[in-house]
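One structure below.
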Amino acid sequence: MKDVVIMLNDFTTREPSAILADLGRRPRPAMKMGGAGMKMDGGKMKSGAGMKMPMKADLTDVQYDALLANRRPLSDPEVVQVTSGEVVRLRIINMTSASNLFLSTGRLAAVAIAVDGEDIVPLPGLRFELGVAQRIDLRVEIPRGEDAYPIIAQAEGTDMLAGVVLATARAAVPALSSRASKPAGALTNGQESRLRAARPLARKRVDRRLSLTLGGDMAAYVWSLNDQVWPKITPLEIKQGERVELSLVNRTLMTHPMHLHGHVFQVTEIGGARVQGAKRDTVMVIPQQTVKVEFDALYPGYWMVHCHLLYHQAAGMMTVLHYQGFESRSYDPLASMAEFARP
């Protein structure tokens, strides 16, 4: 099987610090989400005073100049030579700062065989979802004859396209545009509900249940976990050897790809429905949804838990998982990450 690696990046000429500063100054609804004062009522946000407001998800909050695949725009893509009848494994990595993606294999029937480096029960399709920091392996078979096959990604909420072209030796490579005819809609986590781990966690009683409420103040562009903004956080405490359940409760109007360092978890519940889902290290939590995951506490230390939309992380959406009894005089996570704190 031939491996083809596709690294996807969103690109801008602007300095990240300037983007973050502008996000804090942009006119936005003065709505704070995540605390007890806001809740859902019939598809609308409802305040503690009873006022209802239409709920509309934000699909993106950073405007990029381009989406790139292996550092190249779709108007000048990398062309990977393949052979008629060959089986190819596409190893696709969402390396963007803030762009969840839709993937399309066009005329090539694909089978997803792994996510985040963990094998899954094969899932066939032509279109796949890939959140920031997630990875997916797709197996495709090149049809007989000479032809070219674009593999295309589109950023959620935008018309930006990127991709590579698989082409046989004598195929004509089509001209491609870096912009779609219309913006993409929202990722749904429908795909996540269908994923199944090829080697699931052993069945075991949950020893500790933790919860993280994903919140944000859109006007000030401050993002939080359990109403705490990094670095002023209280670590989540666990013990070595425990089976831990972590509930990710999204009270915001954006999808957050939530990432746990140092561990592989299994998705066990999405939107109230139990699943024996995929094992991975990054899971998307869409607006007003709860996702539950389980993992075994096997690696003592301090481990970061954060949203992988990097401007959300920089604006406070990060905390620490701490193994009880673990101490390190050489590492103080709160001090080392204080650079994320705003003055």
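The table for this structure:
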{"item": "Spacing of the two label points (7 Å from each Cα toward its C-beta) at Ala220 and Arg25, in nm", "result": "1.9 nm"}
{"item": "Cβ-derived FRET efficiency at R0 41 Å, Ser181 paired with Arg274, nearest 0.05", "result": "0.55"}
{"item": "FRET efficiency estimate (nearest 0.05) - Cβ-Cβ, Thr234 to Arg107, R0 45 angstrom", "result": "0.30"}
{"item": "Relative contact order computed over the chain (Cα-Cα under 8 Å; 6+ residues apart), in percent", "result": "18 percent"}
{"item": "Most mobile of Leu210, Leu130, Leu253 in a GNM of the chain (Cα contacts under 10 Å)", "result": "Leu210"}
{"item": "Between the stretch 267-319 and the stretch 112-190, the Cα center-to-center distance that results, in Å", "result": "24 Å"}
{"item": "Inverse mean reciprocal Cα-Cα distance (Kirkwood Rh) of the stretch 208-340, Å", "result": "15.0 Å"}
{"item": "The stretch 98-138: translational diffusion in µm²/s, Stokes-Einstein, Kirkwood Rh over Cα pairs, 25 °C, 0.890 mPa s", "result": "232 µm²/s"}
{"item": "Top of Ala114, Ala202, Ala66 by mean-square fluctuation, Gaussian network on the chain, Cα under 10 Å", "result": "Ala202"}
{"item": "Candidates Asn70, Asn189, Asn250: whichever shows maximal mean-square fluctuation once the chain is modelled as a Gaussian network with Cα springs under 10 Å", "result": "Asn70"}
{"item": "DSSP bridge orientation in the stretch 208-340 - percent antiparallel, rounded to nearest 5", "result": "75 percent"}
{"item": "Pairwise FRET efficiency - Arg196 versus Gln81, Cβ, R0 = 22 Å, nearest 0.05", "result": "0.05"}
{"item": "Local electrostatic count at Phe11 - Lys and Arg +1, Asp and Glu -1, tallied over other residues with Cβ under 12 Å", "result": "+1"}
{"item": "Net charge dipole size for the stretch 208-340 [Lys, Arg +1 and Asp, Glu -1 on Cβ; Debye, nearest 20]", "result": "280 debye"}
{"item": "Bins of 10 Å from zero: percent of alpha-carbon pairs in the chain", "result": "5, 24, 31, 25, 12, 3, 0"}
{"item": "Candidate aspartates and glutamates for bridging to Lys204, where Cα separation is under 18 Å - those fewer than 8 sequence places away on the same chain excluded", "result": "Glu242, Glu245, Glu269, Glu294, Asp296"}
{"item": "Within the chain, helix-based [θ] at 222 nm, where runs of 4 or more DSSP H residues each add -39,500 (n - 2.57), nearest 500", "result": "-1500 deg cm²/dmol"}
{"item": "Angle in degrees between helix 16-25 and the longest Cα principal axis of the chain, rounded to the nearest 10", "result": "60 degrees"}
{"item": "Mean separation of Cα contacts under 8 Å (6+ apart) over length of the stretch 109-238, as relative contact order %", "result": "18 percent"}
{"item": "Inter-label distance, nm, simple model (7 Å from Cα along the C-beta direction), Leu298/Ser17", "result": "4.1 nm"}
{"item": "Test item: Cα-centred dipole of the chain, Lys/Arg +1 and Asp/Glu -1 on Cβ, debye", "result": "840 debye"}
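Read the figures in this text as sums done on the coordinates, not as results from a lab. Here the structure is a predicted model, which is why all the values come from computation and not from measurement. Note that each Cβ is placed from the backbone with ideal geometry, even for glycine, and that neighbours are counted across all protein chains shown.
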